[in-house]
Amino acid sequence: MTALRTPHAARPARTVLVGTALAALALGGLAAVAPPAQAAPIEDAGIEVDGGLGYDGNECTPSGSPPSGWTVLPGTGQVVKVSGSSVRSVTSTGDPADTSTVTTSASGQASARLRGGQLAELDIRGSGRARAVVPAVSECSASGNVEVGGGLQFTLVRPAWLTVTLTGTKDTSVYFGVGGAGIDSSSAGFDDGGGRATIRRYLAPGLYGIGGEIGWSTHEGGMLWVKGSSGAARKRADVAGSGRIHAVLTEAGAATGGATGSGKKYLKPGDAASCATGKVAARFTKKAKQVEKATFLVNGKKRKTVNKPKQGRTVLLPVPATRPSTVTVRLVVDPPGRRRAVTKTVTRSYEACRA
């Protein structure tokens, strides 16, 4: 990215958004196309550190280079790291004493993971600092920003739900965008106050781009009066923090986690609901002979009761197509010996099959 050479303040982090073609993909630059034959699961994946310099006034001369770093992101789940730093200055052409200094640094890490031949997770984390020291009276009043950004292009061959969680500490900006395959582009984020934001989208098979950035800007952070070593009053902005972008793609109908509860040794809920039939299967194990009664609930509503089930019996439960489902089974178990019957439960949750 190039430094600003116009009388404007440093670019807020939200306008930079990765600074590569990944940003265009993420913000809707993809056409509505079906996945091409033999398309790679992910392409153009990477993470970078970048930054910008801004200043007021036309008679100002900048020096130094922005922080920079770029690393290719594989789809193996491997964590890759990147970092960069810079010290830059802006000096008034008519007054060499009118010199502002901007120091920026950032480091980040990212990983991308595939499951079943398509993207399952993208995780980007970053920490950084931006500091500007400016004379009390300045023609230039420099400010700066630094970002950790990343993204990729990916192909879905099966529909999935995208859930993205953005988090950041005070003085941290975080933004994320997704676009492609005929959907309206979506973005979410927050400015330098830090916070939390989410995106949830249903994605049909097709070609998509996602990207985001975590940033720090002295332009957003404001200025504080301080005394320099020479005793001259100066203004300073110093911001730092950390943030995370965590994107998870769960196939339509798939379980969002493993089965939980003390009853899972008696009954095994399926790994996914069938979106073709609208049902999820649950199979009794070899310990089913100890079960007196099993009551099946979907999203808290009773759907079926089975008495004295046998090993291997499969129960099919209808689940809603357009909203997530949680299957809970209450099992009345009569264990061997003289112990009284007890109630055990097993629970598993599933994504919706469609929007």
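Each value in this text was obtained by applying a stated rule to the coordinates, not by laboratory testing. Nothing here was measured: the structure is a model prediction, and the numbers come from that model. Heads up, the Cβs are rebuilt from the backbone with ideal geometry, glycines too, and the neighbour counts pull from every protein chain shown.
In terms of the Cα gyration tensor, with a ≥ b ≥ c the square roots of its eigenvalues, is region 141-210 rounded because a/c is under 1.5, prolate because a/b exceeds b/c, or oblate? In terms of gyration-tensor shape, prolate.
Modelled label positions at Glu59 and Lys279, each set 7 Å beyond Cα in the direction of Cβ, lie 8.3 nm from each other.
If R0 is 25 Å, the Cβ-Cβ spacing of Ser185 and Arg323 corresponds to a FRET efficiency of close to 0.55. One decimal place: the segment Gln290-Val87 gains 66.0 nm when fully extended, by the rule 0.36 nm per residue minus the C-alpha distance. Per-peptide packing, taken as the mean over residues of other Cβ atoms within 10 Å, places 328-337, 123-132 in the sequence 123-132, 328-337 from highest down.
Sort region 80-199 into rounded, prolate or oblate with this rule: let a ≥ b ≥ c be the square roots of the eigenvalues of the Cα gyration tensor; rounded if a/c is under 1.5, and if a/c is not under 1.5, prolate when a/b is larger than b/c, oblate otherwise. It is prolate, given that a/c is not under 1.5 and a/b is the larger ratio.
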